[in-house]
Amino acid sequence: MEIRKKLLYQFIGIVAIILLMSSLSVYFAFSQGRKEEFYDRLGSKAKMVAQMLIEIDEIDAELLKRIEKNNPVSLPEERIIIYDYQDKIVYSTDEDNSINISPFMITSVRLKEEVRLKQGSYEILGQFYTGNFDRYVVFAAATDIYGLVRIERLKIILAIVFSISMVIVFLSGRIFVSRALQPISKIMSEVGELSVFNLNARISEGNGKDELAQLARKFNKMLERIESAFKTQKEFISNASHELRTPLTVITGHLEVILIKARKNEEYRKTIISVLGNIKNLNHISNRLLQLAQASSEYSEVEFNTIRIDEILWQARADLIKANADFNVNIRFSELIDDELKLQVSGNEQLLITAMVNLIDNGCKYSPDHTCDINVNNESTQVIISFADNGIGIPAEDIEMIFQPFYRGKNVSGQKGHGIGLSLVEKIILLHKGKINVSSELNKGSTFAVYLPLIDGSLLR
Ligand code: ADP
């Protein structure tokens, strides 16, 4: 159900319940008041008649009847019956037997002193009366014609007021709900107009204070993030295609030039070597891009096993030294590491080797002494691997950017590279629920620290 309708029905429901309850309270209070007042009048009448008959010797039943017949303050349809202690009627104005008094009723009055009951349209009050020498039971009955008419009128007035109020509540509720939801409808139509082509559009934040303004602000923040992710993706694609196109252009150029005329074997050889170098470069870039895609995938899509960090480091060192004989890679383990469990992480072996190779390669590549010192330590529930070098360092303005794909520092123009390595490293470390940070001083050196959670971190606590 639409919120609009839900709110309206809830509003009408609440008001209806309140109105109904107050109308019923008014009705019952009035009806109770009428009853009390009428029985009071019946009581006074019964008492007065009994007093006259029993206590004034000059008045007998016949005389009293005559007096009562002409009494202008009689109640409508009034009937008075008085019984003596033997249940014999000593006085009665109920000539047509309109009310029916049973022996049980007489006994009840004697026991309870006062009894109230209803017979048809008659309301009857039974009272116990003690005279000087005898005890009597007096019944006074009458019909409260005027009181009942008043109550009936009240019932109709309350029903009319209730119905009119409900119509007003329904109409005003509709206006109220549509006014309250107007900002939401506005946001909905603005959101409806958003698409990938106008991601720079923002939705209006209304008065800037209420919950809807907060929602709009949060939504705008999310739009900002989506926009920037889109931008990054676009940049990534253009950078990636640029990186792939460069060696392809070089290859095409070489081949076109060599095909212009017949060449000597030596020239063909040179061209082939150059083309091969470019193809290897292409291969390297596309492998990196593939690894980047793999590391960017979901945790569940990558196979994770129990891995020993020392084995990964030795493997990475061996791979690098095989390709670069002039690299010096020193690995040192803290004396705190006295158990292989303190080196075990859950991870993907190939991805972790790739990450370590990149960090060691950078350390050696960007240092004149081609040396990278690796330290392995434990802290809290994780293993920390730091890669330190005494190289060119990273300019302060580049430090924030070096983890972005294809970003290269301003001081590395002489070095080969594509700027993919560190973004790949960061993705791999994040995939392993770890983190990486860097500290560097220009022309002094850099240290990259990788934190990876241990499988059994409880060992270190
Ligand atoms: P690449 O090394 O191919 O340029 P990376 O993504 O591995 O790409 O590194 C990005 C940039 O970070 C490098 O271009 C360089 O400016 C900087 N950098 C990374 N590691 C080091 C380091 N050990 N010393 C100095 N600069 C570094």
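Where a number appears in this text, it was derived from the coordinates with a stated rule and is not lab data. If you're wondering where the values come from, they're calculated on a predicted model, not measured in any experiment. Neighbour counts are summed over all protein chains in view; Cβ atoms, including those assigned to glycine, are modelled from backbone coordinates with ideal geometry.
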Whole-number D in µm²/s for region 325-388 (Stokes-Einstein; Kirkwood sum over Cα pairs; 4 °C, 1.567 mPa s): 101 µm²/s
Using Cα pairs closer than 8 Å and at least 6 residues apart in sequence, work out the relative contact order for region 400-452, in percent. 26 percent
Per 5 Å bin, what is the whole-percent P(r) computed from every C-alpha pair distance within region 3-152? 2, 8, 16, 18, 15, 11, 7, 5, 4, 4, 3, 3, 2, 1, 1, 0, 0
Using alpha carbons only: equivalent-ellipsoid semi-axes of region 212-339, gyration tensor based, whole Å: 41, 32, 12
Over region 305-460: Rg over Rh, Cα atoms, Kirkwood Rh: 0.96
Using the Cα atoms as the points, what is the convex hull volume per residue of region 1-83 in Å³? 121 Å³
For q values of 0.14, 0.19, 0.23 Å⁻¹, compute log₁₀ I(q)/I(0) with the Debye formula on a Cα-only model of region 63-187, without solvent. -0.74, -1.06, -1.31
Projected area, mean over directions - region 193-265, Cα convex hull, nm²: 7.0 nm²
For the chain, take the longest principal axis of its alpha carbons; what is the angle in degrees between that and the long axis of helix 309-323, to the nearest 10 within 0 to 90? 30 degrees
Do the sum for the chain: with -39,500 (n - 2.57) for every DSSP H run of n ≥ 4, divided by all residues, what is the mean residue ellipticity at 222 nm, to the nearest 500 deg cm²/dmol? -19000 deg cm²/dmol
What angle do you read, to the nearest 10 degrees and between 0 and 90, between the alpha-carbon axis of helix 349-365 and the longest principal axis of the chain? 50 degrees
Counting all C-alpha pairs of region 146-258, share separated by more than 24 Å (%): 63 percent
Apply the Debye scattering formula to the chain, with a single equal point scatterer on each alpha-carbon and no solvent, then give log10 I(q)/I(0) at q = 0.06, 0.08, 0.13 Å⁻¹. -0.58, -0.74, -1.16
Evaluate the relative contact order of the chain (contact order divided by residue number), counting alpha-carbon pairs under 8 angstrom at least 6 apart; express in whole percent. 10 percent
Around Leu63, with a cut-off of 13 angstrom between Cβ atoms, what is the net charge of the other residues, counting Lys and Arg +1 and Asp and Glu -1? -2
Using a 10 Å cut-off around each Cβ, can you sort Leu359, Leu431 from fewest to most neighbouring Cβ atoms? Leu431, Leu359
Could you work out, for region 76-132, what percent of all Cα-Cα pairs fall into each 5 Å distance bin, beginning at 0 Å and stopping at the bin that holds the largest distance? 4, 16, 33, 28, 14, 4, 1
³J(HN,Hα) computed for each position of region 397-404 - Karplus, 6.51 cos²θ - 1.76 cosθ + 1.60, integer Hz, glycine/proline x: 6, 8, 3, 5, 9, 5, 8, 7
